[in-house]
Amino acid sequence: MQPLESLVKEATALAAGTPPEAEVARVLQICNACRYCEGFCAVFPAMTRRLAFPPADVHFLANLCHNCGACLHACQYAPPHEFQLNVPRAMAQVRKHTYQDYAWPPALGSLYARNGLALSLALAAGLALFLVLALALNGTLWGAVPGADFYRIFPHNLMVALFAPVFGFAMLALGIGVVRFWRAAPPGSASRAAVAEAAHDALSLKYLDGGHGDGCNNEDDAFTLARRRAHHATFYGFMLCFAATSLATVYHYAFDWVAPYAYTSLPKLLGTVGGVLMTIGTVALWRLNRRRHPLQGDPAQQTMDRGFIALLFGTAVTGLVLTALRATPALPLLLAVHLGVVLALFATMPYGKFAHGVFRGAALLKWAIEKRQPLKLSLGSE
Ligand code: HEM
Ligand code: SF4
Ligand code: SF4
């Protein structure tokens, strides 16, 4: 154990700008001696398998952290204690570095620092306006469209040409980023049981339960399931919308069944339920985010979180309004606005908060593999 004075000195140096990776290493040295929070989440059991915390391991542990806040509110060394121990904030600051350091292409990693609420809203408004103007110039901005056939306004091939490259690039960039993250500290090969456990933990958001099932902290030391439920609504709503679009693509190319589909068709039902869930989930996440305890997480990243929430909300609401009013003369205008917002969401995906899902998923799989291996106290993954 380090002597008290040196720990206090390190805590003071923190304020003077210690890199977050070094701060997490300092914090975990203290936690490794204390271990009070061992049952809260996977971070602490993973920590106890290590005696030192090189950067690759710090990035793994930071992405394993779900920012539930339990270890902040439980900690006897948290501010105002002189150790200034704040695990969730240190982890959140490292996560931003993970996204930046493993970003592809590397030069675009700095976009994470700029991808905030203002930029998200400006991009969505700009793209929507551009499409609205294009329709206005075309003379098709307003007017009922026979059979609500929106391909008369935006031909199918034009939509594919617009969206496929942006979405494809987002998936490629995130895919390369997460492979680089994996290779920085490879945990060994994944058994079927490890994959199943990681999938279960990601899909149920296991580590937002504080280790006891009562949920996580948000505004104070009371436990709440609200964040977990709001995330589930957002996540599963998004997945349903994605399933709706994928199914419509199969209908189009495999069966030659061309949109628009009836309200009772499967793509429409999936999209409508998904849109409603996403709307409810994002409104709840926004409220919770605004009320979050200021010491939980990294205040500098709040704007990136809110930008992502706003774009998800915008996507869901504009999609629902478009669905409801597709038989009216407002269809072309509403379609242009919806497509602009969706395009902004896709464009910001590889360099914004969406990355958390990919890196957290990889960290959960790493942990599911690592915990099945024999315990060998290591001085890091190298
Ligand atoms: C492996 C999949 C995922 C996991 C494990 C996961 C986990 C988490 C966790 C633990 C948080 C709270 C901590 C934080 O702010 O970073 C969070 C926030 C968030 N997640 Fe996810 N997530 C996943 C995928 C997704 C997807 C696919 C979406 C939507 C498309 C999504 C939407 C959000 C939003 C909007 C927030 C911000 C909430 C806030 O800051 O208040 N997540 N996620
Ligand atoms: S966060 Fe605090 S209470 Fe929890 S293990 Fe670390 S030092 Fe102990
Ligand atoms: S904030 Fe929650 S998930 Fe993160 S280390 Fe602390 S207890 Fe674990």
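The values are calculated or read from the model by the stated rules, or taken from the named source; none is laboratory data. Remember, predicted model here, so these are calculated numbers, not experimental data. Reconstructed Cβ throughout: ideal geometry from the backbone, glycine too, with neighbour counts over all protein chains shown. Only protein heavy atoms, including side chains, enter the accessible area calculation; ligands, DNA and RNA are left aside. Shrake-Rupley method; radii C 1.70, N 1.55, O 1.52, S 1.80 Å.
What the Kirkwood sum gives for the range 200-283 is a hydrodynamic radius of 14.4 Å, with every pair of different alpha carbons counted. Calculate the FRET efficiency for Leu111 and Ile280 from the Cβ-Cβ distance with a Förster distance of 30 Å, rounded to the nearest 0.05. Efficiency, rounded to the nearest 0.05: 0.50.
Would you work out the relative contact order for the range 93-219, in percent, from Cα pairs under 8 angstrom that are 6 or more residues apart? Display every interim value, and only then the final one.
Details: 38 pairs, mean separation 34.5, N = 127.
The normalised contact order for the range 93-219 reaches 27 percent.
The range 213-351 has equivalent-ellipsoid semi-axes of 32, 16, 13 Å, by the square roots of 5 times the alpha carbon gyration tensor eigenvalues, sorted largest first. The mean sequence separation of alpha-carbon pairs under 8 Å and at least six residues apart, normalised by the residue count of the chain, gives a relative contact order of 29 percent. Sort out for me the Cα centre separation of the range 54-123 from the range 309-323, rounded to whole Å. So the separation of the two Cα centres works out to 28 Å. For the chain, the residue among Phe167, His356, Ala78 whose Cα projects farthest onto the positive side of the dipole built from Cβ charges is Phe167. When the chain is treated as a GNM with alpha-carbon contacts under 10 Å, the residue of Met304, Met239, Met159 showing the greatest mean-square fluctuation is Met159. Only aspartates and glutamates eight or more places from Lys371 in sequence, or on another chain, were considered; those with a Cα closer than 15 Å are Glu38, Asp57, Glu197, Asp201. Dipole orientation for the range 248-320: of the candidates Leu270, Phe255, Leu285, Leu285 has the Cα lying most toward the positive pole (charges on Cβ; Lys, Arg +1; Asp, Glu -1). Computed over the chain with a Gaussian network model linking Cα atoms closer than 10 Å, the most mobile of Ala173, Ala344, Ala107 is Ala107. Remark: the His293-Tyr253 segment gains 9.5 nm on full extension, using 0.36 nm per residue and subtracting the alpha carbon distance.
A straight chain from Trp142 to Leu266 at 0.36 nm per residue would run longer than the Cα-Cα distance by 41.8 nm.
Name the residue, out of Leu108, Leu117, Leu331, whose mean-square fluctuation peaks in a Gaussian network model built on the chain with Cα pairs under 10 Å. Among Leu108, Leu117, Leu331, the largest mean-square fluctuation in the Gaussian network model of the chain belongs to Leu108. Across the chain, Cα-Cα pairs more than 32 Å apart make up 38 percent of the total.
Under a 1.4 angstrom probe, counting protein chains only, how are Phe242, Phe167, Phe181 ranked by accessible area, largest first?
Largest accessible area first, the list is Phe242, Phe167, Phe181.
Per-residue ellipticity at 222 nm from helix content only, as computed over the chain with -39500 (n - 2.57) for each DSSP H run of at least four residues, stands at -20500 deg cm²/dmol. Rounded to the nearest 20 debye, the dipole size of the range 85-202 about its Cα centre is 300 debye, using +1 on the Cβ of Lys and Arg and -1 on the Cβ of Asp and Glu.
Orientation-averaged projection of the range 300-366 equals 5.5 nm² [convex hull of Cα atoms, one quarter of hull surface area].
In this structure Cys41 has an accessible area near 20 Å², from a 1.4 Å probe over the protein heavy atoms. Which residues does a label at Leu203 reach in the range 346-363, if reach means a backbone N under 17 Å from a point 7 Å past the Cα toward the Cβ? Within reach of a label on Leu203, which here means backbone N under 17 Å from a point 7 Å along Cα→Cβ, the range 346-363 contributes 358, 361-362. Got a sec? Which residues in the range 268-301 would a label at Ala324 touch, if it sits 7 Å along Cα→Cβ and we count backbone N under 19 Å? Output list for this probe position: 268-284. Only protein heavy atoms count here; on that basis, with a 1.4 Å probe, Tyr251 has an accessible area of about 40 Å². The heavy atoms of Ser189 present about 110 square angstrom of accessible area, all protein chains included, probe 1.4 Å.
The relative contact order of the range 306-369 comes to 38 percent, based on Cα pairs under 8 Å that sit 6 or more residues apart. Based on the reciprocal of the average 1/r between different C-alpha atoms, the Kirkwood radius for the range 132-268 equals 19.6 Å.
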